[in-house]
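Novice: First, the structure itself, so that you have it in front of you.
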Amino acid sequence: MSIENLKNQMPEYARDIKLNLSSLANEEILNPQQLWGTFLATALAGRNDTVIREIEAEAAQHLSQDALNAAKGAAAIMAMNNVYYKFTGLMEEYRTIPARLRMNILAKPGVEAVDFELWSLAVSAMNGCQFCVKSHEKKVREGGLSLEQVQTAVRIASVVQAASAVIGGEQAMGGVAAQAA
């Protein structure tokens with residue numbers, strides 16, 4: 001199970017997605033924890049069983065158990081926060097009311113705060129929450145990450161989202177990915 005297996009399950013029309021998966025999996029602008037945590041958090045956010053399984057298998061080779069759990073935690077907390085903060089962004093009168101949602105993992109994610117923030121940023125980009133994207137981008141930049149590092153995380157998010165859509169579509173239609181699963 002790996003990125004290579006994932007690529008092999010994609011049809012030829014998704015060649016660009018396959019090529020992008022390869023180049024991003026070998027990207028060196030992020031350290032291995034940042035890279036594979038971003039892959040795993042965004043795979044979970046993409047909600048496709050095959051993509052999650054293949055990326056989690058490869059991420060497990062590069063991440064400690066704490067980092068695996070933190071990447072999963074970033075996907076989980078952003079699934080909640082992205083909905084809430086998109087709503088408050090649309091409905092201004094709710095912004096002054098405390099969220100009253102538990103978010104303890106933000107204070108103690110189990111990995112370096114900048115890495116957790118990067119994963120949260122990538123998931124928030126996938127989920128389209130401009131308020132969370134802006135907040136997490138500010139924190140990772142303050143934490144020392146470059147524009148190129150942030151861009152790389154969002155590139156991973158976009159390609160993993162596309163892979164999830166392609167594999168999910170193929171599975172729904174009984175195509176290549178369904179036969180390989």
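Novice: On the basis of being surrounded by fewer than 22 Cβ atoms within 10 Å (Cβ to Cβ) and modelled with pLDDT of 95 or more, does Arg155 make the cut? Can you show your working first?
Specialist: Details: surrounded by fewer than 22 Cβ atoms within 10 Å (Cβ to Cβ): yes; modelled with pLDDT of 95 or more: yes.
It is true that Arg155 is surrounded by fewer than 22 Cβ atoms within 10 Å (Cβ to Cβ) and modelled with pLDDT of 95 or more.
Novice: Does Ala71 meet the test of being at pLDDT 95 or above and of a type in the set (Gly, Ala, Ser)?
Specialist: Numbers: at pLDDT 95 or above: yes; of a type in the set (Gly, Ala, Ser): yes.
The answer is yes for Ala71.
Novice: Let me ask something additional. Out of (1) small (Gly, Ala, Ser); (2) at pLDDT 95 or above; (3) surrounded by fewer than 18 Cβ atoms within 10 Å (Cβ to Cβ), the odd one out for Ala178 is which?
Specialist: For Ala178, the failing item is (2).
Novice: I'm trying to understand the selection: among the residues of the range 55-88, which are surrounded by fewer than 17 Cβ atoms within 10 Å (Cβ to Cβ) and in contact with a Ser or Thr (Cβ under 7 Å, 6 or more places away or on another chain)?
Specialist: Across the range 55-88, the qualifying residue is only Ala57.
The values are calculated or read from the model by the stated rules, or taken from the named source; none is laboratory data. What you are looking at is a predicted structure, and each value in this text was computed from that prediction instead of being measured. Heads up, the Cβs are rebuilt from the backbone with ideal geometry, glycines too, and the neighbour counts pull from every protein chain shown.
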